[in-house]
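Each value in this text was obtained by applying a stated rule to the coordinates, not by laboratory testing. From a predicted model like this one, the values you see are computed outputs, not experimental measurements. Because the Cβ atoms are built from the backbone with ideal geometry, glycine has one as well, and the counts that use them run over all protein chains shown.
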Amino acid sequence: MKKSLMAIALIGMLTLTNCIPFVYGSIYTDVTENATIFNRDNSQKDGVGEKSGEACASSILNLIATGDAGIKAAAKKGGMKVVKAIDHNRSNVLGSVYVSSCTIAYGD
């Protein structure tokens, strides 16, 4: 009986972790998504910019979280004054053992 309840609880936890709005694997995830293109007309004509910068935040066991995954931090790391587009990269290992979220900014 206890083994059955544990199995049901484990399946429930794995199912609930997938109820978020982006692609997510319960065991491992490494997904990059296009987030936003600013000033679409200009970006399509000139591309997304010649520079890129990445800023990340991470968490271990949902107990300790550090980092700055903001657009300003990504732009600063890439040496940009104008951000034309951003992407997001999300990674995890075994659900919440290790989780990272990165913002990738493109611009000039």
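Cross-link candidates for residue 51: which lysines have Cα within less than 26 Å, leaving aside residues fewer than 8 places away along the same chain?
Within reach: 72, 76, 77, 81, 84.
When you count, for each residue, the other Cβ atoms within 10 Å and take the mean per peptide, how do 50-63, 92-105 rank with the highest first?
Numbers: 50-63: 15.2, 92-105: 17.9.
Result, highest mean Cβ count within 10 Å first: 92-105, 50-63.
Rounded, prolate or oblate: which fits the stretch 54-101 when a ≥ b ≥ c are the square roots of the eigenvalues of the alpha-carbon gyration tensor, with rounded for a/c under 1.5 and prolate only if a/b beats b/c?
Working: a/c = 4.42, a/b = 2.36, b/c = 1.88.
Cα axes put the stretch 54-101 in the prolate bin.
What does the extension gain come out to for residue 60 and residue 88, with contour length at 0.36 nm per residue minus their alpha carbon separation?
8.2 nm
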